[in-house]
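First comes the structure, then the notes that go with it.
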Amino acid sequence: MIKRKDYKQLTIYSEVLPLPSQNQKADEAKKALVGEVISIESEKMLVDLLTEFAYSPSVFTDKRCKENFIHCDYIVLDIDENHTIKGVVEILKSLRIQAYIGTTTNHQKEKKDVKCDRFRLIFPLESRIKDIEQFYATYEYLGQYIKFDNACKDVARFYFACKALAKVEGAPLRVRTERLIKEYKKSNVKPIEGVKGKLSKRTIDFLENGASNWHEEFLLACRDLKAQQYTIEEAEDLLASITGELDEKHDLHQLRYVYNDNSVEFDYREEVNYEYEGCHKPGC
């Protein structure tokens, strides 16, 4: 039997309109000061809370502010224009990370002359974050793969409810440390023989030695190679040199996905499309 203290938690703000209009949001935000901490006892309970209440993934001693932060069991990303839902599902499947995709009130509505997918990603964490530096480091880790609104990195941020939710299966997100993030940021190393341009140290290490977390490193290497103006043929040759050949179903599919840049090709739809492979209604 799991003890109640081991349940993941959210803070909800029941006095705030869960799905306000654009004109109501500023006034409603003023009400999100002191909330109620809820222990999540089931997936259904989580889905109900995310779709029925304004919430914060963080828990506070009193009023919602950075100084009062205690811990968080979830990380939330706000996606506005940078990705499609379909594109993010592909990324999450590649990384094998579990997440809930929740559409917002502006999803597929015209905003600043742009109509596109607007949604949030809610990541259950493998372990509880109690240190703000770990909070920032974990966001920075996700930022290597997904472009999101930087305002999300506010530990005291709250969110209005989601209109609909879909779930991508995978492992809970592992909490990162500042040390790991600093290691990932080392770059500007000399290019290895046969490689043009300046790839990151992380990419070069991967090309030379491979990695146990293959899918994660492969995706980053694909993006780095594309950013450094390598053709898809050159990238495929370099990546294939690690093992001798690339897997058609996973590796080549991922490489083509990155080079086709599907993440910025808006695929218009009214709500979450549960037909994407690996994406389904929570609880199903």
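Read the figures in this text as sums done on the coordinates, not as results from a lab. Just so we're clear, the structure is a prediction, and the values are computed from it rather than from any experiment. Cβ atoms come from the backbone with ideal geometry, glycine included; neighbour counts cover every protein chain shown.
Quick notes
- Taking each of LYS8/LYS30; LYS66/LYS201; LYS109/LYS249; LYS30/LYS130; LYS130/LYS226; LYS31/LYS130 in turn, the alpha-carbon distance tops 31 angstrom for LYS66/LYS201; LYS109/LYS249; LYS130/LYS226.
- Packing order of peptides 247-258, 89-100, 14-25, highest average first: 89-100, 247-258, 14-25 (average count of other Cβ atoms within 10 Å over each peptide's residues).
- Potential lengthening of the chain between ASP6 and GLU81 amounts to 23.4 nm, from the contour at 0.36 nm per residue minus the alpha-carbon distance.
- Packing rank of 117-127, 199-209, 230-240, where each peptide gets the mean count of other beta carbons within 10 Å, highest leading: 117-127, 199-209, 230-240
- Potential extension, LEU19-MET45 segment - 0.36 nm per residue separation minus Cα distance: 7.5 nm
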